[in-house]
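Visitor: This is the structure I want to talk about, given as structure tokens.
The values are calculated or read from the model by the stated rules, or taken from the named source; none is laboratory data. Everything numeric here is computed off the predicted structure, so don't read it as measured data. FYI the Cβ positions are ideal-geometry reconstructions off the backbone, even for glycines, and counts take in every protein chain you see.
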There are 2 protein chains.
Amino acid sequence: MHIALDGMGGDYAPQETVKGAIETLKELEDIQIIITGDKSLIQKELLKYPSKLKDRVSIYPTTQIVTMHDHPKDALLTKKDSSLYKAIELVKNKEAVGIVSAGNTGAQMAISLFVLGRITGIIRPAIAVPMPFPHSMGLLIDAGANTDCNTKQLVQFALMGKIYLENMLKRKVTIGLLNIGTEEEKGSKLTQEAYQSLKNMFEEFKGHIEGDKILTGEVDVIVTDGFTGNIALKTIEGTAERIVSTLKAEIKKSNLAAVGALLMKNAMKNLFKQLDYETFGGSPLLGTNGISIIAHGRSSHVAIKNAIKMCYKMEKEKIIEKTIQQLNHGNFA
Amino acid sequence: MHIALDGMGGDYAPQETVKGAIETLKELEDIQIIITGDKSLIQKELLKYPSKLKDRVSIYPTTQIVTMHDHPKDALLTKKDSSLYKAIELVKNKEAVGIVSAGNTGAQMAISLFVLGRITGIIRPAIAVPMPFPHSMGLLIDAGANTDCNTKQLVQFALMGKIYLENMLKRKVTIGLLNIGTEEEKGSKLTQEAYQSLKNMFEEFKGHIEGDKILTGEVDVIVTDGFTGNIALKTIEGTAERIVSTLKAEIKKSNLAAVGALLMKNAMKNLFKQLDYETFGGSPLLGTNGISIIAHGRSSHVAIKNAIKMCYKMEKEKIIEKTIQQLNHGNFA
């Protein structure tokens with residue numbers, strides 16, 4: 001199995017991307033990784049590692065880089081020899097089963113959509129973000145790919161999210177609709193309508209869930225439009241950051257608290273590890289004809305490794321094939 | 001100045017509501033409080049306090065109670081002799097300048113809207129929730145009163161929020177629009193359109209802000225539709241709860257961490273105090289012809305006191321009169 005890795009995408013590329021690739025090769029023996037990007041830079045990084053690992057890495061040299069500031073459309077139209085574009089093209093040409101990038105998310109979505117195309121019947125792909133539940137992994141879909149959605153799209157998000165998660169977790173999963181209020185008739189016009197469709201189409205559907213239940217694991221797959229999903233996701237991020245910064249400021253004020261913080265170091269570390277995106281590595285874009293994993297811009301090699309492993313598992317579990325199958329069986333397309 | 005207090009609203013009524021009233025009277029010498037509700041229950045609570053304070057309390061006896069499970073419409077139509085309804089009626093009849101309740105929020109909104117009416121020109125009232133910024137107080141508006149909004153409503157939320165906050169803080173405030181992405185062209189159809197109107201109508205407008213900036217104080221007034229606002233608010237709540245519960249579980253695992261937690265007790269307390277709704281007491285419903293303060297269902301006497309003080313300050317600052325004035329001056333109605 002070949003997996004394409006955008007060698008230049010991310011704040012710590014190519015050092016951390018190359019390191020992440022090498023670390024993955026240690027764990028997965030049946031894959032090879034194609035790293036796209038600046039040949040000499042990537043070669044220089046590879047020098048650090050033993051040849052039995054780097055022999056399973058090939059470099060696909062490219063001349064352009066999509067930056068975080070590039071507009072998705074510009075990246076799509078003017079950066080066809082970028083590490084991102086070429087990595088996605090490798091998937092299109094069946095030279096790789098999927099692509100991982102920690103680069104410009106908007107550009108990755110746009111190029112994935114354009115180059116790989118949609119699964120027939122899927123209106124628009126969606127970003128499925130793994131959620132750190134206390135005792136499991138959940139999924140928030142869509143986390144920002146589609147700002148204005150209709151009911152049919154939400155139903156498709158539910159289907160794609162369900163197939164993805166039940167195959168990743170190897171168990172049945174439940175579905176909830178993110179809403180204000182939990183009663184059937186509560187919410188916006190969209191959620192009221194979507195509630196009825198989801199209820200009719202999924203036995204896994206457990207009804208509305210509110211914002212304060214996103215992280216509890218009350219339901220496994222949390223369905224929402226990309227506008228709301230992105231606000232929720234960033235609000236989680238902002239709240240955690242605020243709590244940490246306020247606590248740090250309070251600790252600075254008192255020696256006693258500083259000693260306390262020292263003693264709590266491990267507990268804190270475990271807390272952050274639970275909430276850390278690195279644990280999951282990335283978020284799959286679901287609905288494209290080919291696997292495309294969006295890793296965090298600040299990805300370390302650990303995040304890159306876990307994103308590549310996510311891609312590997314999606315391919316092993318035949319997520320795309322299963323989605324096509326179930327789309328054609330139900331009234332989803 | 002008379003302020004009406006729903007004596008039976010809230011999880012800890014009437015004990016905490018009555019205590020909150022008494023505590024407020026200690027701090028504000030120029031007000032009287034009318035408590036609505038079960039006469040004998042309230043009288044029993046009042047017995048605990050010295051007469052020089054309770055002399056400034058009068059009881060308005062009512063026979064019904066709006067419960068948390070009552071549908072707003074049912075409460076409006078069938079509970080006209082409830083402590084909530086009568087308290088709002090006192091404002092309508094000018095016997096009180098405003099009403100505070102920790103009861104059923106939906107019912108309070110519905111009855112406030114029906115009994116007090118809207119400020120002429122305001123499409124729909126909105127809930128303005130105080131936000132605990134690191135060094136100041138901000139405002140999120142609308143936090144759940146209006147699920148499907150148009151641009152004109154968002155502009156009115158901005159106006160009402162701005163007038164409220166600049167008078168409460170006694171300084172100029174800035175306005176931001178909650179969105180996904182910060183660039184002008186980013187977001188949903190609604191936020192893209194609203195961006196242009198807000199830019200044209202408010203010199204205070206600073207553009208879009210994302211979910212991770214809600215708690216930072218980057219802008220003072222955060223404008224959003226009630227669906228998104230409610231999701232964001234509950235997500236903050238859920239994230240904080242999750243962090244606390246995970247940390248507690250980690251502390252339980254280690255004696256060292258437990259000692260650390262003990263030493264950090266004060267720092268933690270200060271953290272929670274900063275993030276606690278009790279500090280603000282309540283959220284005003286803005287846009288009604290009369291002050292209506294929505295307090296948290298779990299309000300203690302501290303929250304009740306701060307909610308009454310919020311009502312007092314809104315009256316002192318003539319928030320409603322100023323809103324009417326500025327509505328007629330600009331192109332807002």
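Visitor: Answer yes or no as to whether B:Ser82 is in contact with a strand residue (DSSP E or B) (Cβ under 9 Å, 6 or more places away or on another chain) and of a type outside the set (A, V, I, L, M, F, W, C).
Guide: Judged against the criteria, B:Ser82 is a match.
Visitor: Right, something else. Can you tell me which of (1) buried (at least 20 other Cβ atoms within 10 Å of the Cβ); (2) in the same structural domain as B:Ile34 (by TED's automatic domain parsing) is the one B:Glu317 doesn't meet?
Guide: Condition (1) is where B:Glu317 drops out.
Visitor: Name the residues in segment A:128-167 that are part of a strand (DSSP E or B) and in contact with an Asp or Glu (Cβ under 6 Å, 6 or more places away or on another chain), would you? Give the steps one after another, and end with the answer.
Guide: Filtering segment A:128-167 for residues part of a strand (DSSP E or B) gives A:128-132, A:137-141.
Hit for segment A:128-167 is A:Gly138, nothing else.
Visitor: Please find, among A:Lys199, A:Lys186, A:Lys206, the residue that is free of Cβ contacts under 8 Å to residues at least 24 places away in the same chain, more than 15 Å from B:Ile231 (Cβ to Cβ) and more than 7 Å from chain B (Cβ to nearest Cβ). Even if it seems obvious, please write down each step before you answer.
Guide: Values: A:Lys186 fails: more than 15 Å from B:Ile231 (Cβ to Cβ); A:Lys206 fails: free of Cβ contacts under 8 Å to residues at least 24 places away in the same chain.
So the residue among A:Lys199, A:Lys186, A:Lys206 that is free of Cβ contacts under 8 Å to residues at least 24 places away in the same chain, more than 15 Å from B:Ile231 (Cβ to Cβ) and more than 7 Å from chain B (Cβ to nearest Cβ) is A:Lys199.
Visitor: Test of understanding: among A:Lys80, A:Lys44, which residue is assigned to a loop (DSSP other than H, G, I, E, B), among the basic types (Lys, Arg) and assigned by TED's automatic domain parsing to the domain that holds A:His2? Please lay out each step first, then the result.
Guide: Working: A:Lys44 fails: assigned to a loop (DSSP other than H, G, I, E, B).
When all the criteria are applied, what remains is A:Lys80.
Visitor: Moving to a separate point now. Before we move on, is B:Leu233 closer than 21 Å to B:Met68 by Cβ and not charged (D, E, K, R)?
Guide: Yes.
Visitor: Being part of a loop (DSSP other than H, G, I, E, B), modelled with pLDDT of 95 or more and in contact with a Lys or Arg (Cβ under 8 Å, 6 or more places away or on another chain) is true for just one of A:Tyr12, A:Tyr60. Which residue is that?
Guide: Details: A:Tyr60 fails: part of a loop (DSSP other than H, G, I, E, B).
Checking each option against the conditions leaves just A:Tyr12.
Visitor: How many residues does segment A:253-262 contain that are exposed (fewer than 15 other Cβ atoms within 10 Å of the Cβ) and facing chain B (nearest Cβ under 8 Å)?
Guide: 2
Visitor: If you don't mind, there's one more thing I want to ask. In this structure, is A:Pro14 surrounded by fewer than 20 Cβ atoms within 10 Å (Cβ to Cβ) and either farther than 15 Å from A:Val97 by Cα or among the charged types (D, E, K, R) (or both)? If you could, list the steps in order and put the result at the bottom.
Guide: Working: surrounded by fewer than 20 Cβ atoms within 10 Å (Cβ to Cβ): no; either farther than 15 Å from A:Val97 by Cα or among the charged types (D, E, K, R) (or both): yes.
Answer is no for this residue.
Visitor: Return the residue satisfying two criteria in turn: it lies in segment A:217-252 and is at the interface with chain B (Cβ under 7 Å from one of its Cβ atoms) and β-branched (Val, Ile, Thr), and of such residues it is nearest to A:Gly161 (Cα to Cα).
Guide: Ranking the candidates gives A:Thr228 first.
Visitor: When you check B:Glu250 against the structure, is it of a type outside the set (Lys, Arg) and not in a helix (DSSP H, G or I), yes or no? Working first, answer last.
Guide: Numbers: of a type outside the set (Lys, Arg): yes; not in a helix (DSSP H, G or I): no.
No.
Visitor: For segment A:263-277, give me the residue count where each residue is at the interface with chain B (Cβ under 7 Å from one of its Cβ atoms) and of a type outside the set (Gly, Ala, Ser).
Guide: First pass over segment A:263-277, keeping only residues at the interface with chain B (Cβ under 7 Å from one of its Cβ atoms): A:263-264, A:266-267, A:270-271, A:274.
So of that shortlist, the ones also of a type outside the set (Gly, Ala, Ser) come out as A:263-264, A:266, A:270-271, A:274.
Number of matching residues: 6.
Visitor: Within the bounds of segment B:162-180, is there any residue that is closer than 25 Å to A:Asp225 by Cβ, surrounded by fewer than 23 Cβ atoms within 10 Å (Cβ to Cβ), modelled with pLDDT of 95 or more and among the polar types (S, T, N, Q)?
Guide: Quick first cut of segment B:162-180, residues closer than 25 Å to A:Asp225 by Cβ only: B:175-180.
Retained after the next criterion (residues that are surrounded by fewer than 23 Cβ atoms within 10 Å (Cβ to Cβ)): none.
No: segment B:162-180 contains no residue that is closer than 25 Å to A:Asp225 by Cβ, surrounded by fewer than 23 Cβ atoms within 10 Å (Cβ to Cβ), modelled with pLDDT of 95 or more and among the polar types (S, T, N, Q).
Visitor: Sticking with this structure for a sec: Provide a single number: the residues in segment B:197-217 that are of a type in the set (A, V, I, L, M, F, W, C), within 28 Å of A:Ile243 (Cα to Cα) and not in a strand (DSSP E or B). Full working, then the answer.
Guide: Restricting attention to segment B:197-217, the residues satisfying the condition of being of a type in the set (A, V, I, L, M, F, W, C) are B:198, B:201-202, B:205, B:209, B:214-215.
Those left that are additionally within 28 Å of A:Ile243 (Cα to Cα): B:205, B:209, B:214-215.
Of the ones still in play, those that are also not in a strand (DSSP E or B) are B:214-215.
Selection size over segment B:197-217: 2.
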